[in-house]
Structure formats: C-alpha cells, structure tokens
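Have a look at the structure below, then the notes.
The values are calculated or read from the model by the stated rules, or taken from the named source; none is laboratory data. Note that this is a predicted model, so its numbers are computed, not measured. With ideal geometry, Cβ positions are generated from the backbone for all residues, glycine too; neighbour counts draw on all protein chains shown. For accessibility, only protein heavy atoms count, side chains too; no ligands or nucleic acids. Shrake-Rupley method; radii C 1.70, N 1.55, O 1.52, S 1.80 Å.
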Amino acid sequence: MDPTESSPNQFRHVVAMPYPGRGHINPMMNLCKRLVRRYPDLHVTFVVTEEWLGFIGSDQKPDRIHFATLPNLIPSELVRAKDFIGFIDAVYTRLEEPFERVLDRLNSPPPSAIIADTYVIWAVRVGTKRNIPVVSLWTMSATILSFFLHADLLVSHGHALTEPSGDETVDYVPGLSPTKLRDLPPISEGYSHLLFKKAKLCFDELPRAKCLLFTTACELEPKAIEAFTSKLDIPVYAIGPLIPFEELCVGNEGSEPDYIRWLDEQPVGSVIYISQGSFLSVSEAQIEEIVKGVRESGVRFLWVARGGESKLKEAFEGSSGVVVSWCDQLRVLCHKSVGGFWTHCGFNSTLEGIYSGTPMLAFPLFWDQLLNAKMIVEDWRVGMRIERKEEKLLIGREEIKEVVKRFMDRESEEGKEMRRRACDLSEISRGAVAERVRIRDFK
Ligand SMILES: O=c1ccn([C@@H]2O[C@H](COP(=O)(O)OP(=O)(O)O[C@H]3O[C@H](CO)[C@@H](O)[C@H](O)[C@H]3O)[C@@H](O)[C@H]2O)c(=O)[nH]1
C-alpha cells in the first residue's frame, strides 16, 4: 500500500528527506530499511530527485519503502563537484516548494515524522509549519559536528583570524581529542569558509529539530557524543554504524559479479581496495602518479573509478589488478582477500572500513575527510596516511609505491599491530547494534 492511496487500515508513516548525494542517501536508506524491519506497521516515503530515482530506483528495498520524487531543479549529480556552493544554494532554495507539494499528497495517513538530513535546511521549517516533528540525521562524524558547533572557540584561541600554522594544536573543542589545525577543514578562510557559512545556516536550525541522530556509534566517538548533551537541548542518539551490514548475508544466487569472483581467487589479505568516494576527484596528474605508484608496488588491487574507467584499464594493462566503475563496497571490504582500503575518508567509507576490520590508507580530499583521516590514524590507530606536505603539491609515484608496500606488509610489526587494532575495532563496531532508535522518539 502506497501512502498516497487511501487505506482503511492505519499504519504509521514517516517521510525521509536525504540530502541529494550518495554519502547522504545511503545512510538515510539504511536507516529507513532498519526502521521498517523493526516496525511492521511502518511505511516510509523516501524523497529523492528524479535523477536520483534513476540511480537507485532499481536497488533492492523493502516494499514498505516507497519513493516520491522532486523535479530535477538542482544541478546534476554528475557535475555537482564543479560548483559545490552553487549546488548547495540550489538545494537550499529550489526544493522546498516541491517537497511541500509531495507532503500535500501524503494524506493517508499523514506522516507522523520527517527524517531529514541536517543539510536540508528547510526541513525543520516545513515540519514546524505543518506540526510534523522533524528528526535530523547527521551523516558525518559526531566529532566534526562538535568542531563546527564550537567554531567560535577557534576565534577566541587565535586560530581563526591570523594565518595559523598547521602545526598548532586545537585542544579546546569538546569531544575533539588534540588535533593539529591541518587536520581540520580551514573554516576561517577561502572556499572552506564560504562552505562553512552555508553549513552554519543548517546548524542554526538544529535546536528546533525533535532530536538528532548520528550515523556513528557511541563506542567510536564517546567523547563527542557526550559533548552534545551539554551543547544541544534536544535528545541525541548515536544509532550506528549506519551501514548496510544486514545485506551482507543476502546471497546472489550463484551470479556473483566478476570482481567478487576475481577476489575469490586472490590470496587472503593480499588486495588493496582503492576508492576515492562517490563524487569528488583528485587531479588527473595526481591520478597518474597514483596509478604508476600502485602499479610499481606490485600489490594486487581493486580500483573503483567513477568515469575514466577505460583510460584506467588501459593504464593498468598487464598489472595485477581490476578496475570497476562501481562495486558493492561493504561486501568487497568484508572479502577475505582484501587486506587494505585506500580511502578518501568519506564518513560512510570510514564506518564501513572499521566494521570490516580492514586497515585504511587515508587519502582525504576535503572537509570532514581531513578529520576522519586523523581519527583513523591517530585516535583509532587502524590505518596510515599518505602525507601531503601542501594541499596543492603532487605526491609522486615513488612515495606512493613505498607507502602502498609498507601499508600492505602484513609481516612488519607496524602492519601486525595495525591489523590487530583494526580487528579489535571491528569487534566493537559489530557489537554496537542499533538498538537505540525507537519510533516513539519521533512522536
Ligand atoms: O564503488 C562504490 C563506491 C562507493 N560506494 C558507497 O558510496 C558511499 C560513499 O559514501 P562516503 O564514503 O561517505 O563518501 P562520499 O560520497 O564522498 O561522502 C560525502 O558524504 C559523507 C557523509 O556525509 C562525507 O563524510 C563526505 O566527506 C562527503 O564527500 C559508501 O556508502 C560506499 O559504500 C559503493 O557502494 N560502491
């Protein structure tokens, strides 16, 4: 039964409004799947743009999750990285009205809650106007949100106005362990500053939400979660790891994708899985260095390339790896042949890396990814990083070759310790079952 049709039997109805981006839609969908699994009388209307429906419309999902669409009034996902701020502006200004029209049609029964990404700035406003409680879902780390909400402390500690050295340490943000400025997004200057000003508008809406959900697990960021108890007056729940681990046990009925069959044939822990996330890219020159470095390391690899797949396949011809355009990432990470994860440190990837117990080679590109990399390497100690002396400087193939070899060495003391830690953290993450979110909290 679709909530737009009339129904004699009452069921509960929740509307999910993710921010239009892979790193946001995935955890929102994981949350909705978990909710309908738990509550047999719950239906979810999952709202995406028509373009996104094309991307995810045929993915498997429970029958009680229904899609509703907004017209394509924002720049395409395929080009959004080119003008990130323009994209945010479009989401802020063009989707509210069509979202209201969707709500107008959802009457039987009307939704009892809206779950909206924290970056969907107008969701709380729309919910308040209609007397529908809005639950805010934050898809990055709790620690980075604490940093953002305490940005004024940077000013009072002289870390904002002058050009501080990246070596200076920030040790005064609640929930954030001592962190070098270079491991935090530079929210006081340049592009990141513009972005922060936009994001801050959403943070200002947070106190009016019914509650705040984190995709992280309390066990992974206990101090940051605790910091919110005093910072916000609304309830805060860490319900993660909000990743699709329930789907790992769903079989493929003998039709495994080629990359899984290839992985099946590789020695245990021998493959590095390389992914730069779903939409940001590194420069072509840097990709070339990475390709050469990985190739010369001799390490087996599975590389996810978004676009440029055929060029990469050509560059890797005769080498010991596979290039794909997309894969089932968590499944790959949990495969016994995968012994390392080269990641851009998007937060979903970080949670997936931790869950699978795969050590991570951190190569952050932007924004929260910088802090995720620091947490991976210094706080959780489940990875190494590729050091960038300066943001714009290329990292050469020789350095990449050496770091990849070192990272994938399972026999060194460093390698053994990193793998032990990754295994321990995986246990903790697997134990952190999302028992904490209850539908009554939305009422
Ligand atoms: O071949 C692939 C590649 C990716 N994924 C999935 O795509 C998602 C990617 O999410 P994430 O790792 O968070 O990367 P981004 O899409 O880049 O994430 C955006 O959103 C995140 C959460 O808000 C932020 O932490 C990032 O900085 C931001 O770039 C993950 O669930 C992956 O499993 C696949 O399933 N297959």
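Some values worked out for this structure:
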read-out: First in the range 220-247 and more than 16 Å from the ligand (Cβ to nearest atom), second anywhere and charged (D, E, K, R), Cβ under 6 Å, 6 or more apart; value: Y237/R436
read-out: When residues of the range 119-141 are limited to those that are within 16 Å of the ligand (Cβ to nearest atom) and in a loop (DSSP other than H, G, I, E, B), the one nearest to L220 (Cα to Cα); value: S141
read-out: Scope the range 296-307; condition open to solvent by 50 Å² or more (accessible area, probe 1.4 Å) and under 17 Å from Q286 (Cα atoms); matching residues; value: E296, R306, G307
read-out: The range 406-437, subset assigned to a loop (DSSP other than H, G, I, E, B) and open to solvent by less than 50 Å² (accessible area, probe 1.4 Å), residue modelled with the highest pLDDT; value: S412
read-out: First in the range 292-313 and free of Cβ contacts under 8 Å to residues at least 12 places away in the same chain and more than 18 Å from G277 (Cα to Cα), second anywhere and open to solvent by less than 60 Å² (accessible area, probe 1.4 Å) and within 13 Å of the ligand (Cβ to nearest atom), Cβ under 6 Å, 6 or more apart; value: K313/V323
read-out: Any chance L370 is closer than 20 Å to V382 by Cβ, aliphatic (A, V, I, L, M), open to solvent by 10 Å² or more (accessible area, probe 1.4 Å) and part of a helix (DSSP H, G or I); value: yes
read-out: Wholly within the range 1-118, helices (runs of 4 or more DSSP H) carrying at least 2 residues that are more than 16 Å from the ligand (Cβ to nearest atom) and touching a helix residue (DSSP H, G or I) at 6+ places or on another chain (Cβ under 8 Å); value: 22-38, 84-94, 96-105
read-out: Candidates S325, S255, S337 - the one that is without any contact (Cβ under 8 Å) to a residue 40 or more places away in the chain and away from the ligand (no atom under 12 Å from the Cβ); value: S255
read-out: Enumeration of residues in the range 313-329 that are crowded, with 21+ Cβ neighbours inside 10 Å and part of a helix (DSSP H, G or I); value: Q329
read-out: The range 341-351, residues that are more than 6 Å from the ligand (Cβ to nearest atom), in contact with a helix residue (DSSP H, G or I) (Cβ under 7 Å, 6 or more places away or on another chain) and farther than 23 Å from G308 by Cα; value: T350
read-out: Subset of the range 71-110 (residues that are within 13 Å of P20 (Cα to Cα) and β-branched (V, I, T)); value: I74, V79, I88, V91
read-out: Scope the range 352-367; condition within 8 Å of the ligand (Cβ to nearest atom) and open to solvent by less than 10 Å² (accessible area, probe 1.4 Å); matching residues; value: none
read-out: Positions within the range 274-322 being modelled with pLDDT of 90 or more, within 16 Å of the ligand (Cβ to nearest atom) and of a type in the set (S, T, Y), in sequence order; value: S275
read-out: Residue list for the range 101-124, restricted to those being open to solvent by 20 Å² or more (accessible area, probe 1.4 Å) and at pLDDT 95 or above; value: R101, D104, R105, S112, Y119, I121
read-out: Residue count for the range 176-210, restricted to those that are free of Cβ contacts under 8 Å to residues at least 24 places away in the same chain and open to solvent by less than 50 Å² (accessible area, probe 1.4 Å); value: 1
